[in-house]
Amino acid sequence: MFNRLLSINWLILRKIRTNEHTIMAVLAVVVGIAGGFGAIGFRYLIDFLQTIAYGSSDELLEVVATIPWHIKIWIPALGGVIVGPLVYFLAREAKGHGVPEVMEAVALRNGIIRKRIVLVKSLASAVSISTGGSVGREGPIVQIGSAIGSTLGQILKVSADRMRTLVGCGAAAGIAATFNAPIAGSMFALEIILGDFGLATFSPIVISSVVATAVSRAYLGDTPAFIVPTYELVSVWEFPIYLFLGLFCAVVGVTFTKTLYRVEDLFDSFKFPEYLKAVIGGLILGALGLAFPQILGVGYGAMDMVLMQQIAWWLMLLLVVVKILATSITIGSGGSGGIFAPSLFLGAMAGGFFGMVVHTLFPATTASPGAYSIVGMGAVVAATTHGPLSAILILFEMTGDYKIILPLMFSCIIGAIASGQLLKDSIYTLKLGRRGVNIKEGKEVNILKSIRVSEVMTRGVETISEGCTMEVMADIIAKSKFNSFPVLDSDNSLAGIVSFNDYSEAIFNEDLKHLLVAKDLATSDVVTVSADDNLYAALEKISRKDFATLPVMSVRDPGRLVGIVSRRDIIRAYDKAVLKKSLFNN
């Protein structure tokens, strides 16, 4: 009934003589309201589940100090018992930090995100965070907000461009409401999710971000996330020091990114039920939490302590290492949650350690270590996400202190540039790259990568048995529209392929005609593709050796031929996809 009412209202709205900006502004308001309430509900859900798990919704660092040691180990493991099956059986894209999945949906599926993600991601991430998972809230709320925007677009059957914009609106609303940061929310959606700063995209995203922030402030108040220490730029000689801080944070960010995916690969290699791996991760995390309770949960309590200079320098350095491991284990084992808060944590600890060192060496020309913690938070975020503008604005809005802006801008830019030199992919795009998706390659490549070979291949394949004589082959070739033929053995498995170049000379030679069979002429080293491969991979293989066609093999039985795909099939499918996309956009 609700869907029908929305569709009727949308039809009425389309009949009103108005322009594109007005329509998208109205939809942006709707997404902003929904995203704002989604962020509020998500935070309340985390508090509720933490109360069940630990008996209190207070800062987790204070709560775990009052419970027995064995409970500290078992609660994260029990969280894994719930999260693993929830993600595995209901929505596997809810695993991990969520932002790459949104970026992939925008790049390959015109912003289409499954509706169930709103519920599954909310529950999975809330359970992970509330039971001590070393992850943050921003990744889940980006995915939740984006799914809200996508769901609205799917109900109203909007064009592809509008759908992508609504997804960006949802992401901006989620970030803005979570961090009380409307400017940063807008910039995150534009810089990270969409990569588009056009007016048609910019306006609705800003509207969504502002509306979501207003909703959030009405329920959660208008206070900065962190109370920063008194800061002033003591000397211009601090800028070279902040340059080195940016470089140091780049190393921390790249180390975090690489470790995260190596640990994920390690868990993937375990011969163990996928949906139970999060339990193992929870046990390891609980054991780490015995010695280092600061790494459990989102970690804002520990960050506040660093800003107030209440943690020793050696412990801050140690926590950088332990937090990288803790977050990597949480996500790699199958947990659900964001990497933004862990990046803030790493930046606070790295910056605090760096600040203590330089302030001890140069007390007259450097600010307090707390100032370096704030700048380090932004620099590590910039290094991991390769989004310096978002990092600068989020930290500025989370602290509400303009005095920190100059060193913050400087170190964030240095961190982003240096990390880009050390690792070309961000923590988001590296996950996509491992799946064969490169959002920097352009829409043409992504269109090819979004289509499977099985969707365009020719299933009625004309084959030749390996014992087929040349006389029989000549008759088959004369009646066929193809000029190359897969050769099958006695088990009907692919044994080779006979191309025009292979048989063109022999078929007209009377002496060879009676002596040779298909097996003698066939090329046994055959280049094939799987039915599950995408067209980009197929086109690469065809182009590399200038083949006309490629045999397509079964996914379940790699030796069984299920079809062939030609260069013409790929080009036709691409043209059809581009035409369809153009029609929907108009």
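For this structure, a couple of remarks:
- Packing rank of 385-394, 263-272, 488-497, where each peptide gets the mean count of other beta carbons within 10 Å, highest leading: 385-394, 488-497, 263-272
- Positive-pole candidate from Ile571, Val555, Ile144, dipole of the chain, charges at beta carbon: Ile144
- Calculated SAXS-style log₁₀ I(q)/I(0) at q = 0.08, 0.09, 0.12, 0.13 Å⁻¹ - the chain, Debye, Cα scatterers: -0.63, -0.75, -1.12, -1.25
- For the chain, the relative contact order works out to 15 percent when only alpha carbon pairs closer than 8 Å and six or more residues apart are counted.
- Relative to the longest principal axis of the Cα atoms of the chain, the long axis of helix 277-291 makes an angle of roughly 30 degrees.
- Where Rh is the Kirkwood radius over Cα pairs, Rg/Rh for the stretch 2-220: 1.03
- Calculated translational diffusion coefficient of the stretch 174-318 (10 °C, 1.306 mPa s; Stokes-Einstein with Kirkwood radius over alpha-carbon pairs) equals 81 µm²/s.
- Of the residues Gly337, Leu288, Gly347, the one whose Cα sits farthest toward the positive end of the charge dipole of the chain, with +1 on the Cβ of Lys and Arg and -1 on the Cβ of Asp and Glu, is Gly337.
- Sorted largest first, the principal axis extents computed over the alpha-carbon atoms of the stretch 288-411 equal 46, 31, 20 Å.
- About the centre of its Cα atoms, the chain shows a dipole size close to 1480 debye [charges on the beta carbon of Lys, Arg (+1) and Asp, Glu (-1) only; nearest 20 debye].
- Cross-link check: pairs Lys95/Lys258; Lys277/Lys424; Lys258/Lys431 evaluated at a Cα-Cα cut-off of 21 Å; pairs beyond the cut-off: Lys277/Lys424.
- Distance from the alpha carbon centroid of the stretch 518-580 to that of the stretch 109-167 works out to 35 angstrom.
Read-outs throughout are calculated quantities, based only on the coordinates presented, and are distinct from any laboratory measurement. All figures in this text were calculated on a predicted structure; none of them were measured in a lab. Note: ideal-geometry Cβ built from the backbone for every residue, glycine included; neighbour counts use all protein chains shown.
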